[in-house]
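What follows draws every value from the coordinates through simple rules; no lab data is involved. Note that the structure is predicted; figures quoted are calculated from it, not measured. Every residue, glycine among them, receives a Cβ derived from its backbone with ideal geometry; neighbour counts consider all protein chains shown.
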Amino acid sequence: MASRQRGKTMRERLSRLWLVLATVTLMAALAAMAGLDVSLVAIGWLLVVLSAWSVVPAAPDEAEPVAAIIEPHAPRDPLPDVAAAFAALDMPVFVLAADANVLCQNPAAEKSFGSITPGMHLSARLRSPGILDMVRETIVTDQPNQIEHSERHPSERVYIIRIAPIEPAKGEGDMPRLYALSFRDISELRRIDRMRSDFVANASHELRTPLASLRGFIETLQGPAKGDVAAHERFLGIMFEQATRMSRLVDDLLSLSRLELKSHIAPSQRVDLVPLVGHVRDSLLPLAQELGIEIRMHLPAGKVEVTGDRDELVQVIENLMENACKYGQEGGFVDVHLRNEPGQPVELSVVDRGPGIPAEHVPRLTERFYRVSVADSRSKKGTGLGLAIVKHILTRHRARLIVKSELGKGTDFTVRF
Ligand code: ADP
């Protein structure tokens, strides 16, 4: 546009120069005819014409006004661009018109809430009065709003639902108002919050019980049982047991927190499981003898190597074998199988012939402090954290724990590497 303007000005200047030269030549010819000094008259006339030319401004070209070069354009429909941008988001978004009709939904919204025909009112898909009131308020006030909302179907979910006007780009002129209704899923955050507070409550409860018992015995020893040597002996024994229980719990809690800290670092050592299983069996022999259990080993010939952390794998095998001895005591036998078939993953199974675990408990066994029977676990010096520790270690080792249990027949805990 600027070069067109420059070209026009040059043409105008050249035509004016020709006019000046023609006038000066004419005046010189007239002066010659009148017998005057031609050069003096020509120079004088040239000066007059040139000064007039520099003072008088050039007239604008009316045929091509400058304003006409800026072409006004019609407002563009923003919906395709808005829809394309929201399609890239993984959170559900609906685009609404000013009458709360849904103009489009992104694929995440379709997945979470089902498909909705464009032009349908929002209330056809979301019936919650809280959401509809919020949408109405934003349409009236043009201010963003958000609420927390829980859905029970098809699954339990908690969302932060937000509605905000979509501002048109600068220079887009008068556009119809559009609103983005978005759903931020905070179910997982809520679940983690609940787990954390449950965990603190459980840990405090587990510590409070032995602490309360210790305090009770100390008070008895200081008061009613003062000077009673036999009571002293008995109570000190119980106090020692309670203090040991607390330190077991604190040890397990510390193990869990250490494991959480390094959960994202995969182990890199090569560990032979054969001597590890033998070592754990030896360390559990006194307990097995006390419970009347025979631990039978079924090991392949040669090494069975996996990538792992030696101490952590010892902890896994120890927790599984100790549980099998404690909870499968009635069966009399605990069988430990190590399998290393070509082309198959390495597997370690600890099988007891105890009473088994009711099916409804099996999926929750690895939760912290989850026990089929709290009293049974406590009487067997359990903390409720053993299988949670196993699960953490196996997750870090990219290994799986498979639990199969049959009531009256026993339980099989298999680790698949
Ligand atoms: P605890 O310290 O109570 O033993 P764990 O996390 O090791 O905690 O085990 C959780 C619960 O799983 C136990 O309290 C027990 O009810 C059940 N359990 C674990 N192993 C067995 C098993 N081999 N047979 C039956 N029940 C078991």
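Table for the structure above
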read-out: Contour minus Cα-Cα distance for ASN202 and MET91 (0.36 nm per residue); value: 36.5 nm
read-out: For the stretch 79-185: relative contact order, % (alpha-carbon pairs under 8 angstrom, 6 or more apart); value: 26 percent
read-out: Pairs from LYS381/LYS404; LYS262/LYS326; LYS380/LYS409; LYS111/LYS262 whose Cα-Cα separation, in the structure shown, is over 32 Å; value: LYS111/LYS262
read-out: Residue (of GLY328, HIS397, LEU276) at the positive-pole extreme of the stretch 270-416, dipole from beta-carbon charges; value: HIS397
read-out: Compactness relative to 2.2 N^0.38 Å, alpha carbon Rg of the stretch 79-185; value: 1.02
read-out: Kirkwood-based Rg to Rh ratio, the stretch 270-417, C-alpha trace; value: 0.94
read-out: 15 Å cut-off, amide nitrogen to a point 7 angstrom out along GLU167 Cα→Cβ, residues in the stretch 176-211; value: 178-180
read-out: Length added when fully stretched, THR209-ILE238, from 0.36 nm per residue minus Cα-Cα; value: 9.1 nm
read-out: Principal axis box of the stretch 194-261, alpha-carbon based, largest edge first, Å; value: 49, 20, 11
read-out: Distant-in-sequence amide H partners of GLY384 (H built 1.01 Å from N, under 5 Å); value: none
